[in-house]
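Working notes, structure below.
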Amino acid sequence: QFFVFCHGLLQLSQLLVSGYLKSSISTIERRYGLSSQTSGLLASFNEVGNTLLIVFVSYFGSRVHRPRFIGCGAILVSLAGFLMSLPHFITGPYEYDQSVASMFSNTTDLCQPGVLGSWGNLSDAGCTPHAARENHEVLLVMFIAQALLGIGGVPIQPFGISYIDDFASERNSPLYLGILFSVTTIGPGVAFMLGSAMLRFYVDIDKVTGDGVQLTNKDPRWVGAWWLGFLVAASLVAMSAVPYFFFPREMPKEVGEVLRVALLALHTNTSYFPLVLLRNLRHPVYLLVVLAQVNLSAMVAGLATFMAKFLERQFSLTASLANMIIGAVNIPGAMVGIVVGGAILKRFQMSLRQCSAMCVLGMFLCLLMAFPLLFLGCPTQKVAGVTYSESSEFGHRALECNLQCNCPEKAYNPICGSNAIEYISPCSAGCSVVIINAGNNSVLNYTNCSCISENGLAGFAKPGTCGTGCSHLFLPFVVLSCLAGILASTSHTPSFMLILRSIQPEDKSFAVGIQFMLLRVLAWMPGPVLYGSAIDTTCILWEKKCDRKAACRYYDNNLFRQR
């Protein structure tokens, strides 16, 4: 029972490390200027290390000291977690364009007519060879960490399950495995809640004092302390790993055990490997159900990675709140669906045909719920020179009103004009005066803005984006997406039953192993990358770093939602 407790704890903290990345993905994109395609690849990269090794591990399962192997895997996972946060410590503080000179820079992004080159250091500051190299280092470290995370995770689940199954009594084994299964479903929810908590802190909380930060977490330039969560999760994994080095290789069995074959050890006689593989893949039911699961899992993998980012952009939420919704509403909803599906299955003792009917029904109802989501959202707010242009020359950047300001191309410090149009920076709105709250050095508003005219007078603007004006659709969106998730996940257990009952009993563990391999290679790996690429195609203004595309500043919200 102590082993089951330890294993539950370890699996939870391992899922915290891998799940936390998904919750902070939009923040890491903004901090290091990544496209969604790159961040999607990063998010799914741990599956690579995992897939390469899982076959060997399943094969050697009974011949090694399993608890020690689990312990070593856990040490690797915790190392990976610490590595993920390393970029924060090897790069300088986060720099953003600002109107008030601060300890970092004496430039300002106000309109300063006649002062040529006052912008000099702003536009080219980030482009030394050192900065470019730093960026490559960051990516390299993160990809290595993700690969290690995948490799370290390999022994944890299969060895833990087979160890418990070998030494638990027939009566208790399902209970123990049920406990572990519920922990693995809770894990991602906890990870998103952790993300929600950590992203409320400013990224450089350890490098700058409180009054040096002029941003609030509602600001589009805000970057939360994404690295903190990795430190927390990695420390938890390291702590959970300790007991494993003290468990014996074999335990006395719990009483009341009937000798039997360990269910989940995948060591089918090797010489039969190709034969069994062909026999299963030729089986139409097995093949169809696995393909259906692949499609569903690819969608789940993409959504898990980018759903928070979608909520942030579509409904103008903070990253913290978006994670809170996913961790507290969507993931528990999916868990409820899985449990309900299993309960219905048990209550009505379904045949195979009824199982497949139940899967089809669940999916069909899910589609009905999800269809309205296509329309629940708003277009991107009006952004001068990006999505909106007063003159007939649409998309022509330099509006005449700010020509005398000599604005840099790269400035990004969105403000919302009193005319409800957003400007990329105070300079592009032609604002020449900034009014500051003396207490905490934060910007109250901008005045004398030559581009914002109201009744012939120069208008004013307040800092931050105008937002999408979509908040009233947020609740219906959350409710419908949660219901769709519940309905889709009711098919989880029946689809597993279809696989387990349609193949020959001696191929069972092997077939499940192959199924997970296919899910990894065809769904969990490509899913986030495909979603990220699709999201990138909807970007209308890219941040430029050293003449390469970095993170996306503005998306076409309608296209983002539909794709």
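The values are calculated or read from the model by the stated rules, or taken from the named source; none is laboratory data. Everything numeric here is computed off the predicted structure, so don't read it as measured data. Cβ sites come from the backbone with ideal geometry, for glycine too, and all protein chains shown count toward neighbours. Areas reflect the complete protein model, heavy atoms only, side chains present, ligands, DNA and RNA absent. Shrake-Rupley method; radii C 1.70, N 1.55, O 1.52, S 1.80 Å.
Per-structure values
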read-out: Cβ pairs under 8 Å, 6+ apart, first in the stretch 84-105 and buried (at least 17 other Cβ atoms within 10 Å of the Cβ), second at pLDDT below 65; value: Asp97/Leu122; Gln98/Ser105
read-out: Filtered residues of the stretch 193-239 (kept if β-branched (Val, Ile, Thr) and either at pLDDT 95 or above or surrounded by fewer than 23 Cβ atoms within 10 Å (Cβ to Cβ) (or both)); value: Ile205, Val208, Thr209, Val213, Thr216, Val232, Val237
read-out: Condition met for Val48 (under 28 Å from Ile331 (Cα atoms), open to solvent by 30 Å² or more (accessible area, probe 1.4 Å), at pLDDT below 90 and among the β-branched types (Val, Ile, Thr)); value: yes
read-out: Close pairs (8 angstrom Cβ cut-off, 6 or more residues apart or separate chains): touching a residue at least 24 places away in the same chain (Cβ under 8 Å) in the stretch 541-563, of a type in the set (Phe, Trp, Tyr) and in a strand (DSSP E or B) anywhere; value: Leu541/Tyr554; Lys549/Trp542; Ala550/Trp542; Ala551/Trp542; Cys552/Trp542; Arg553/Trp542
read-out: When residues of the stretch 181-192 are limited to those that are of a type in the set (A, V, I, L, M) and surrounded by fewer than 19 Cβ atoms within 10 Å (Cβ to Cβ), the one nearest to Met324 (Cα to Cα); value: Ile186
read-out: Residue that is surrounded by fewer than 19 Cβ atoms within 10 Å (Cβ to Cβ), farther than 28 Å from Gly73 by Cα and modelled with pLDDT of 90 or more, where the choices are Leu291, Leu311; value: Leu291
read-out: Pick from the stretch 10-34, criterion open to solvent by 30 Å² or more (accessible area, probe 1.4 Å) and basic (Lys, Arg), ranking: nearest to the chain's Cα centre (by Cα); value: Lys22
read-out: All positions within the stretch 151-172 that are of a type in the set (Ser, Thr, Tyr) and surrounded by 20 or more Cβ atoms within 10 Å (Cβ to Cβ); value: Ser162, Tyr163
